[in-house]
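Heads up: the structure comes next, in structure tokens.
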Ligand code: ATP
């Protein structure tokens with residue numbers, strides 16, 4: 001049977017701001033996001049019947065309708081191709097519940113891959129619109145690249161790629177509930193990231209400016225709930241990282257470095273006392 005293999009890269013937040021709670025209960029956010037070369041591999045195989053199945057090498061991942069990859073296939077099937085079916089296999093490389101949009105990027109990969117496998121001929125914009133129904137980060141993942149995301153995260157303004165650099169990703173064992181972080185945010189009094197400054201730094205290709213402006217309003221609440229996350233951030237700073245911040249709602253912390261040898265030093269430093277550390281390139 002016909003098949004496609006699609007790469008599903010992780011995202012990181014260079015900034016994350018929460019502006020206010022809206023009347024519909026969602027928070028209005030403003031985030032500068034980019035893409036890194038840590039990716040799941042998503043395999044799509046056409047079926048003779050119209051079933052959608054999900055399997056993964058990660059035993060902890062749900063393989064039922066709650067899997068975002070399943071939901072992506074289901075939305076395209078229901079809208080355009082009720083007779084089509086697919087077997088989805090996810091080789092998981094992105095840590096789960098890490099603030100790296102692992103589920104959203106799998107869903108985006110399924111949207112792109114099935115558009116091709118099922119010969120749907122949909123534009124990237126239409127795929128992103130379907131993605132927004134599955135999750136706020138899915139539209140960004142459909143495009144990849146670097147963008148400012150506003151609204152719930154689905155309204156995108158694209159930016160040039162940041163200067164090439166290494167990204168050291170450290171995922172602490174701690175599990176942090178996004179809901180409890182939101183409950184702890186002091187929206188009226190908290191300091192907001194300099195999002196415009198970050199955008200200008202990216203447009204100018206100013207690596208130091210990008211490092212200085214890395215900021216995430218969810219850090220403080222996460223540090224209070226899980227002190228281990230702050231310990232990792234401080235260690236990366238002590239080891240000489242040019243910029244360090246937590247990604248998304250955490251708990252992954254990442255450091256940026258222009259030099260490979262410094263990135264390796266950060267990696268080796270952390271490897272001594274934690275398992276889940278990766279050194280990857282920023283893709284932008
Ligand atoms: P985000 O950065 O978008 O907030 P995250 O990186 O923190 O997301 P995910 O790895 O996407 O978190 O996982 C969040 C939840 O989604 C987990 O409880 C997981 O079981 C569920 N989930 C559903 N489908 C997937 C998938 N394909 N990959 C990973 N997690 C998935």
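Readers should treat all values here as calculations from the given coordinates under stated rules, not as data from a laboratory. Just so it is clear, the structure is predicted and the values come from calculations on it, not from any experiment. Note: ideal-geometry Cβ built from the backbone for every residue, glycine included; neighbour counts use all protein chains shown.
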Query - Residue list for the stretch 198-232, filter: over 24 Å from residue 272 (Cβ atoms), touching a residue at least 40 places away in the same chain (Cβ under 8 Å) and touching a helix residue (DSSP H, G or I) at 6+ places or on another chain (Cβ under 6 Å) - result: 210, 213, 218, 221
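Going by what's in this entry, would residue 144 be described as in contact with a strand residue (DSSP E or B) (Cβ under 6 Å, 6 or more places away or on another chain) and surrounded by fewer than 24 Cβ atoms within 10 Å (Cβ to Cβ)?
Numbers: in contact with a strand residue (DSSP E or B) (Cβ under 6 Å, 6 or more places away or on another chain): yes; surrounded by fewer than 24 Cβ atoms within 10 Å (Cβ to Cβ): yes.
When the stated conditions are applied, residue 144 passes them.
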Query - All positions within the stretch 258-276 that are in contact (Cβ under 8 Å) with a residue 40 or more places away in the chain, within 15 Å of residue 233 (Cα to Cα) and surrounded by fewer than 19 Cβ atoms within 10 Å (Cβ to Cβ) - result: 274, 276
Requested in this report: Provide a single number: the residues in the stretch 97-136 that are part of a loop (DSSP other than H, G, I, E, B), touching a strand residue (DSSP E or B) at 6+ places or on another chain (Cβ under 9 Å) and either more than 10 Å from the ligand (Cβ to nearest atom) or within 18 Å of residue 40 (Cα to Cα) (or both).
Outcome: 5
